[in-house]
1. Just to be sure I understand, how many residues within region 78-110 are in contact (Cβ under 8 Å) with a residue 40 or more places away in the chain, β-branched (Val, Ile, Thr) and either under 17 Å from Val125 (Cβ atoms) or in contact with a Gly (Cβ under 6 Å, 6 or more places away or on another chain) (or both)?
2. Residues being part of a helix (DSSP H, G or I), free of Cβ contacts under 8 Å to residues at least 40 places away in the same chain and closer than 22 Å to Ala212 by Cβ: count how many of those fall in region 178-196.
3. Quick one: would you say Phe219 is modelled with pLDDT of 85 or more and either touching a Leu at 6+ places or on another chain (Cβ under 7 Å) or among the basic types (Lys, Arg) (or both)?
4. For region 229-259, what are the residues that are out of contact with any helix residue (DSSP H, G or I) (no Cβ under 6 Å at 6 or more places or on another chain), part of a strand (DSSP E or B) and under 13 Å from Ala217 (Cα atoms)?
5. Counting only residues that are among the aromatic types (Phe, Trp, Tyr) and closer than 16 Å to Ser192 by Cβ, which one in region 113-163 is surrounded by the fewest Cβ atoms within 10 Å (Cβ to Cβ)?
6. Output the residues belonging to region 211-228 that are within 30 Å of the chain's Cα centre (by Cα), assigned to a loop (DSSP other than H, G, I, E, B) and not small (Gly, Ala, Ser).
7. When the residues of region 101-146 are filtered to those that are closer than 23 Å to Ser72 by Cα and among the hydroxyl-bearing types (Ser, Thr, Tyr), which remaining residue is modelled with the lowest pLDDT?
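The values are calculated or read from the model by the stated rules, or taken from the named source; none is laboratory data. Predicted model, so just to flag it, every value in this text is computed and none were measured. Here the Cβ positions follow ideal geometry from the backbone for every residue, glycine too, while neighbour counts run over all protein chains shown.
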Amino acid sequence: MDITKLLAAAEGKTIEFKRDISSLKQILKTIVAFANTSGGTILVGRGDNDEIIGLPDALQAGESLASSISDSVSPLLPPEIEIVTVEGKSLLLIRVFHWHGPFFLNSEGSENGVYIRLGSTNRKVGPEILAELRRVSQNKTFDQVPCPDLTGEALDFAKIQKVFDFAGRKIDESKLVSLGILVPYAGKNVVSQGGLILFGTDKFREQYFPDARVSCARFRGTDKAEFVDRLDIDGSVLNALDDVAKFIKRNTRLLPKIVSFKRQDIPAYPEIAVREVLVNAVWSE
């Protein structure tokens with residue numbers, strides 16, 4: 001690493017400077033935040049006015065810091081700690097890599113001690129971001145996350161059968177598992193979050209994902225101040241696709257086209273393109 005370039009940089013998402021290790025908890029927070037976000041580098045021995053101060057005993061400071069990290073951060077986090085010399089003075093260079101955590105401060109616990117890096121600051125995460133960090137650590141998409149308390153009774157099998165009949169396939173539990181509608185959890189198959197959103201009964205879907213719905217709006221102008229048309233659709237997003245397509249069609253202007261001396265009104269947007277955009281929009285949410 002080019003220390004000269006590092007010293008010339010400003011503090012930010014992946015860089016932080018410390019005068020010494022007296023503010024140990026702040027250093028530990030930064031290490032946790034770096035590990036949970038994009039990794040980063042901490043340089044100890046530089047003052048707030050960019051002055052190179054150095055450490056009187058960098059070796060002892062490094063050993064003390066390594067011990068504190070081992071005792072204070074979970075899961076086990078192995079940053080690289082190195083002594084570098086600048087202007088004849090010793091500094092500590094701490095490289096933290098992004099790992100699958102989430103990492104947290106033991107003193108604050110696994111629910112309240114998780115931090116991420118936002119700009120040049122460390123921010124404690126809330127329940128939603130914590131859940132996302134845990135999901136990422138399991139290498140699972142949102143759809144694949146299990147709903148531990150829900151087995152097959154939370155699914156609308158008539159709706160599933162209708163989709164399978166359309167595809168000419170028979171339905172059984174193994175196929176539901178292979179499609180990710182059911183996922184293994186604690187020795188049994190439970191409903192996945194994606195399965196519940198697509199095929200859950202109204203009762204369970206609204207209980208777990210009340211915001212999994214589709215709303216459409218057309219505005220006059222660009223400031224969204226006046227509605228021209230709107231549509232709120234309850235139920236599964238599968239049911240919503242046809243209704244949304246109709247909403248888009250009635251709000252799409254027609255362009256005249258002359259073919260063999262006959263006029264044809266052609267939608268401004270190709271139906272296939274609209275369908276592709278619609279499916280991607282619903283699924284990406």
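1. Residues flagged as in contact (Cβ under 8 Å) with a residue 40 or more places away in the chain, β-branched (Val, Ile, Thr) and either under 17 Å from Val125 (Cβ atoms) or in contact with a Gly (Cβ under 6 Å, 6 or more places away or on another chain) (or both) within region 78-110 amount to 1.
2. At the first step, the residues of region 178-196 found to be part of a helix (DSSP H, G or I) are 178, 193-196.
Right, trim to free of Cβ contacts under 8 Å to residues at least 40 places away in the same chain and you get 178.
Checking the rest, the ones that are also closer than 22 Å to Ala212 by Cβ come to none.
So the answer is 0.
3. Details: modelled with pLDDT of 85 or more: yes; either touching a Leu at 6+ places or on another chain (Cβ under 7 Å) or among the basic types (Lys, Arg) (or both): no.
Spelling it out, it is not the case that Phe219 is modelled with pLDDT of 85 or more and either touching a Leu at 6+ places or on another chain (Cβ under 7 Å) or among the basic types (Lys, Arg) (or both).
4. Asp229, Arg230, Asp232
5. Filtering region 113-163 down to residues among the aromatic types (Phe, Trp, Tyr) leaves 115, 142, 157.
Imposing the further condition that a residue be closer than 16 Å to Ser192 by Cβ reduces the set to 142, 157.
On the way: Phe142: 12, Phe157: 14.
The extreme case among them is Phe142.
6. Result: Asp211, Arg213, Thr222, Asp223, Lys224.
7. Ranking the qualifying residues of region 101-146, first place goes to Ser137.
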